[in-house]
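See structure below.
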Amino acid sequence: MNERRQMPPGRGPEAIVVGAGVFGAWTAEHLRQAGKRVLLVDHLGAANALASSGCESRMTRSAYGRDAIYTQMAHASLAAWQGLSDRASLPLFHRAGALFLFDRMGEYARDTIAVHRELNLPLKELDRAFLARRWPQIDSRDIAFGLHEPAFGALMARRAVQELVAGFVAAGGIHRIAHAAPSDEAHAVLLDGEAYHADAIVYACGPWLAKLFPDLLGSRLFVTRQEIAFVAPPPGDRSFGPGALPCWADLQGEDLYYGFPDLEARGFKLALDRHGPPFDPDNGDRRMSAAGMETLRAYLARRFPALAERPFSEFRVCQYENSGNGDFLIDRHPERAEVFLMGAGSGHGFKHGPEAGRLMADLVLGRRAGPEPRFALAAKGDAHRRTVM
Ligand SMILES: Cc1cc2nc3c(=O)[nH]c(=O)nc-3n(C[C@H](O)[C@H](O)[C@H](O)COP(=O)(O)OP(=O)(O)OC[C@H]3O[C@@H](n4cnc5c(N)ncnc54)[C@H](O)[C@@H]3O)c2cc1C
């Protein structure tokens with residue numbers, strides 16, 4: 001996948017995309033499809049182990065409370081993911097369904113239902129008795145109701161991005177391993193210290209973005225430490241597989257737990273979606289904490305009793321790169337017309353990769369006059385108060 005092709009002499013790239021996570025990879029692919037010569041650069045490789053896109057799986061769902069913009073983007077992106085999955089040798093999208101569980105009818109659930117009705121999108125409301133019959137492996141005694149989206153499910157994150165980049169390279173794009181740094185020279189980026197030039201340079205550097213643009217973004221992006229665990233289901237028990245259990249999110253009071261069925265025999269995955277302490281993507285400690293294990297163990301005992309005593313099979317520590325409220329950043333640099341900034345996936349960006357990449361490509365290609373207002377740099381505050389979930 002790396003450096004398989006060289007740009008023909010005298011024909012440098014028209015666009016350079018820095019960062020081959022889900023946002024950069026889809027941006028590069030959309031620009032390539034628009035006929036541009038594109039160089040996609042990453043200092044550690046596509047969807048690498050330190051990147052936010054480097055995890056095993058990511059959920060796709062369209063329940064977003066009142067934030068209809070993400071409901072629509074999730075739907076629009078789903079077809080692109082399905083297309084990529086259909087062309088791959090192993091599935092990249094498992095249509096396991098996405099199930100939200102609620103302890104009461106609150107604002108988030110009410111708004112989700114209203115948005116889906118307005119947009120005429122499918123969403124099933126399920127009462128506790130139905131939940132208990134349909135998914136007996138979930139202890140639903142304290143659940144009031146569920147919202148189910150059968151068309152959604154799990155994306156195999158790392159593999160999906162790597163497949164996308166492999167297709168990009170096979171179709172003529174260039175992918176190169178190099179460390180990028182912004183240059184003071186117009187239309188230039190330093191790759192391992194050497195200046196490369198292009199009409200447009202997109203920085204899609206996930207949790208590293210503020211390191212590259214500290215003055216501009218240092219106070220507007222909040223990188224947080226997030227822990228995930230996998231649990232081995234009981235041998236021979238198929239009730240935790242993707243045919244039997246959907247991806248799920250459990251909103252109980254202020255806390256949101258979420259997880260995945262046992263995809264590709266890797267284990268049942270679960271996490272608490274609470275923002276952790278500040279985290280450095282280069283040097284942060286990626287070992288699971290004892291307190292995190294205890295929290296997840298207690299949750300398992302309450303919600304998935306058959307897994308309460310099962311061993312953890314794997315842990316992963318990753319990072320969210322949050323904007324103040326959870327909205328993405330997809331905009332032009334305020335002082336450099338040829339430089340573009342993309343990131344702030346905020347713990348929910350993966351599923352939107354195809355649409356986020358299209359929005360960025362449209363901006364680069366001049367197909368849009370300006371950014372989507374919510375994704376503008378000017379809309380990014382310096383207070384860390386999440387509203388998008
Ligand atoms: C624990 C966890 C759970 C999540 N769950 C979900 C979910 O269920 N559903 C969902 O939709 N989203 C989810 N997300 C969010 C989603 O994973 C991220 O929003 C998304 O992956 C961000 O992609 P990105 O391309 O912006 O960043 P990244 O994937 O981090 O990519 C940035 C890339 O830039 C490269 N780079 C950085 N600096 C340089 C440089 N100077 N030179 C060259 N290359 C550079 C890096 O190596 C990296 O590959 C979750 C995130 C986490 C951490």
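Summarising the overall dimensions of the range 45-90 from its C-alpha atoms, the Rg and Dmax are 13.1, 37 angstrom. Packing, taken as the mean count of other beta carbons within 10 Å per residue, orders the peptides 157-163, 309-315 from highest to lowest as 157-163, 309-315.
Looking at the P(r) of the range 246-301, how many percent of alpha-carbon pairs lie beyond 19 Å? Roughly 39 percent, once rounded to a whole number. Overall, the range 218-296 carries a charge dipole of about 160 debye about its Cα centre when +1 sits on the Cβ of Lys and Arg and -1 on the Cβ of Asp and Glu, all other atoms neutral.
Dipole of the range 74-182 computed with +1 at Lys/Arg Cβ and -1 at Asp/Glu Cβ about the Cα centre; of VAL115, ALA181, LEU131, farthest Cα towards the positive end is ALA181. Taking the Cα centre of the chain as reference, the dipole from Cβ charges on Lys and Arg (+1) and Asp and Glu (-1) amounts to some 880 debye. Put a plus charge on the Cβ of each Lys and Arg, a minus charge on the Cβ of each Asp and Glu, and nothing anywhere else: the dipole of the range 245-366 about its Cα centre is then about 420 debye. A dipole drawn for the range 259-389 from +1 and -1 charges on Cβ atoms has a positive end, and of ALA306, ALA379, HIS352 the residue lying farthest that way is ALA306. When only C-alpha pairs under 8 Å and at least 6 residues apart count, what is the relative contact order of the chain, in percent? The normalised contact order for the chain reaches 22 percent. If you bin every alpha carbon distance in the range 261-344 into 5 Å steps from zero, what whole percent lands in each bin? P(r) for the range 261-344, in whole percents per bin: 3, 10, 17, 17, 14, 13, 10, 6, 5, 3, 2, 0.
Seen from a random direction on average, the alpha-carbon convex hull of the range 318-389 projects onto 5.1 square nanometres. Contact order, relative form, for the range 231-389: 18 percent (alpha carbon pairs under 8 Å, 6 or more residues apart, mean separation divided by residue count). Seen against the Cα atoms of the chain and their longest principal axis, helix 157-170 is set at about 30 degrees. Taking the square roots of five times each eigenvalue of the Cα gyration tensor of the range 81-235, the equivalent ellipsoid has semi-axes of 42, 22, 17 Å, listed largest first. Take every Cα pair under 8 Å whose residues are at least 6 apart in sequence, average their separation, divide by the length of the range 159-205, and the relative contact order is 21 percent.
Taking a sphere under 14 Å around the Cβ of PHE340 and counting the other residues whose Cβ falls inside, with K and R at +1 and D and E at -1, yields a net charge of -1. Principal axis extents of the Cα atoms in the chain, from largest to smallest and rounded to whole angstrom, are 66, 41, 38. With N counted as the residues of the range 1-133, its alpha-carbon radius of gyration over 2.2 N^0.38 Å works out to 1.39. Peptides 359-372, 123-136, 335-348, ordered by how many other C-beta atoms sit within 10 Å of their residues on average, highest first, read 335-348, 359-372, 123-136. Mean residue ellipticity, 222 nm, helices only, the chain: the sum of -39500 (n - 2.57) across DSSP H runs of n ≥ 4, divided by residue count and rounded to 500, is -7500 deg cm²/dmol. When peptides 202-210, 291-299, 316-324 are ranked by their average number of other Cβ atoms within 10 Å per residue, the highest-first order is 202-210, 316-324, 291-299.
Summing charges over neighbours of GLN252, with a neighbour being any other residue whose Cβ is under 13 Å away from its Cβ, gives -2 when K and R count +1 and D and E count -1.
Since every read-out is calculated from the coordinates, none of them should be taken as a lab result. These figures come from a predicted structure and were not determined experimentally. Note that each Cβ is placed from the backbone with ideal geometry, even for glycine, and that neighbours are counted across all protein chains shown.
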